[in-house]
1. Of (1) part of a loop (DSSP other than H, G, I, E, B); (2) open to solvent by 20 Å² or more (accessible area, probe 1.4 Å); (3) out of contact with any strand residue (DSSP E or B) (no Cβ under 9 Å at 6 or more places or on another chain), THR339 satisfies all except one. Which?
2. Output the residues belonging to segment 120-138 that are surrounded by fewer than 21 Cβ atoms within 10 Å (Cβ to Cβ) and among the charged types (D, E, K, R).
3. Any residue that is in a loop (DSSP other than H, G, I, E, B), of a type outside the set (Lys, Arg) and open to solvent by 60 Å² or more (accessible area, probe 1.4 Å) - is there at least one of those in segment 376-387?
4. Identify, from the list TYR189, TYR216, TYR180, the residue that is under 21 Å from GLN238 (Cα atoms) and crowded, with 24+ Cβ neighbours inside 10 Å.
5. Quick one: how many residues across segment 45-74 are buried (at least 23 other Cβ atoms within 10 Å of the Cβ) and modelled with pLDDT under 90?
6. Yes or no: ASP143 touching a Lys or Arg at 6+ places or on another chain (Cβ under 6 Å) and part of a helix (DSSP H, G or I)?
7. If I ask for residues that are within 26 Å of THR206 (Cα to Cα) and aliphatic (A, V, I, L, M), which ones from segment 76-120 would you list?
8. Of all the residues that make up segment 64-74, how many are under 18 Å from GLY357 (Cβ atoms) and either among the basic types (Lys, Arg) or outside any loop (DSSP other than H, G, I, E, B) (or both)?
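The values are calculated or read from the model by the stated rules, or taken from the named source; none is laboratory data. Because the structure is predicted, anything quoted here is derived from the model rather than measured. Here the Cβ is made from the backbone with ideal geometry for all residues, glycine too, and neighbour counts use every protein chain on show. Calculation scope for accessible area: heavy atoms of the full protein, side chains included, ligands and nucleic acids excluded. Shrake-Rupley method; radii C 1.70, N 1.55, O 1.52, S 1.80 Å.
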Amino acid sequence: MFVRSARLLVCSAFILALSPTLACSSDDGAALATNPDSGAPIERHDPIDGGSDSSAPVDRAKCSDGVMDAAETDVDCGGGCAPCGQCQRCLADADCETTNCADGICGPVKRGYPQLSAERGEIRNLLATVEAGMRCDMDVYVDAVGIVGREMYRFSSKEPRYTTDLLGGGTSVLASDAFYVTRPWTSRYWVARNAKRLETRSANATDVTATDKKGYAAVAETVLAYQLLLDLTLSDEQGLRVDVENDAQPARTKDEVLAHVMALLDDAKANLPGATFDFSLSSGFEGFDTPSTFLKFNRALAARVAAYQKNWPLLLTTLGESFLSLNADLRLGVYMPFTNVPGDARNSLFTAPNGEGDVRVAHPSFATDVATGDDRLLSTVLRSTPASQAGLTSNRDAWRYTSATAPFPIIRNEELVLLYAEARAQLGQFPDAIVAINRIRSVHNVSPYAGAVTPAALLNEILYQRRYSLFLEGHRWVDVRRFGALGTLPVDRPDDDVWSSFPVPKP
């Protein structure tokens, strides 16, 4: 169930060395287009919910109307329209640019590996699918949590739920079968299942070395943990099921899920010292693509989990094992890359400035609350004319992702520095917290911290820094909730609500 806020008591390119064209899919054969998590009819990413009939006659005029209709398998593609790109839904191979419909999602072109056995080639393709799949529907996720968290508005002439359901407009509530939750939720479980398959198939392979099996297992468990953690940010206290291959399993509690996610990361950590990578990861893992450097990425994710658990000593321990550095580039980290290569995925969070019809604009408070001189305001740009819809207005476009090939951060040093500050503040180690805070402030042209040296004041400062440093990276709503500050989010219309969680999609 969902609850109201305190106000109401609320694939550079993803072209792996593993595969020339990646997508969000499993390596299985074509299947009926179903909800990747539950087997229910696919949820669409357009204004009208429901499935499609691939046997219906093709109406070419509907292939460019911006909605999923007629025989289309996703918006304006498949079913006789142009083939669908990566991460889009399908019924048959012909629905996909890559001619690979797998589990109802367009998958990658399966690469041949003549120098490898069929078994090892299958494992390589599955790894490519797992990594590429992490990008699937992240735009929907960021839109959803960004709107609920009052980072942004999305105005669309075809999709009213951006300004109704997600903002609690009027009598609107969040729906468990709506695209804004089913798309990211089911994509995460779909990737998680593929990660589990990767772990199982590599472990059972007869011609994969023991050290390479450890490498595959470490990558698979780390990705699996990350996928579950993302879905938990949506469901929060409702928890979720952790057996990704058993839809009938009851949900675990939030604390149990966090413990399970940490255990997965710890298992991966245990595998890495004796592991070898006989595979290549994408450019998004540059600098973190060997067992020893991948371990630092794994520990960075573990630090995020420790923060969610409010385990401050463990947070410091995991940060010490990660790539945290107060002196390194704050952009250092692991990313999901995108490309304009035909058939590959583009970053759909990019929208050109001064657009009309379908725009992403910053919440007005992003500009009014910013500190003098803070260069993070440049994550937005002034519009020539304000954008308005449904009684909401903004004069700034969101400009965090400045092209369709801009990478999306999984985790980066700037978040780690702020987690370090948070742990020190929570433990009463205020001078260390202020050093980390001032590292962020100085990089962004803000004068050194001069506020009160108390836990409440420092945590409020950290929340501010996270708001501006991690803008549209999927953190703001999660942060205000875990800081107990949902009631501080602005409510822009008299009947709007602030939600504290999304309803869990029905199996």
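1. Unmet for THR339, out of (1) part of a loop (DSSP other than H, G, I, E, B); (2) open to solvent by 20 Å² or more (accessible area, probe 1.4 Å); (3) out of contact with any strand residue (DSSP E or B) (no Cβ under 9 Å at 6 or more places or on another chain): (2).
2. The first filter runs over segment 120-138 and keeps only residues surrounded by fewer than 21 Cβ atoms within 10 Å (Cβ to Cβ), leaving 120-122.
Across segment 120-138, the qualifying residues are ARG120, GLU122.
3. Taking segment 376-387 as the starting set, the residues that turn out to be in a loop (DSSP other than H, G, I, E, B) are none.
No - not one qualifying residue is present in segment 376-387.
4. On the way: TYR189 fails: crowded, with 24+ Cβ neighbours inside 10 Å; TYR216 fails: under 21 Å from GLN238 (Cα atoms).
Of the residues listed, the single one that is under 21 Å from GLN238 (Cα atoms) and crowded, with 24+ Cβ neighbours inside 10 Å is TYR180.
5. The initial filter retains those residues of segment 45-74 that are buried (at least 23 other Cβ atoms within 10 Å of the Cβ), namely 68, 72-74.
This time we only want the ones that are modelled with pLDDT under 90, so: 68.
The number of residues fulfilling the criteria is 1.
6. Numbers: touching a Lys or Arg at 6+ places or on another chain (Cβ under 6 Å): yes; part of a helix (DSSP H, G or I): yes.
Yes; evaluated as a whole, the condition is true for this residue.
7. Result: ALA102, VAL109, LEU116, ALA118.
8. 1
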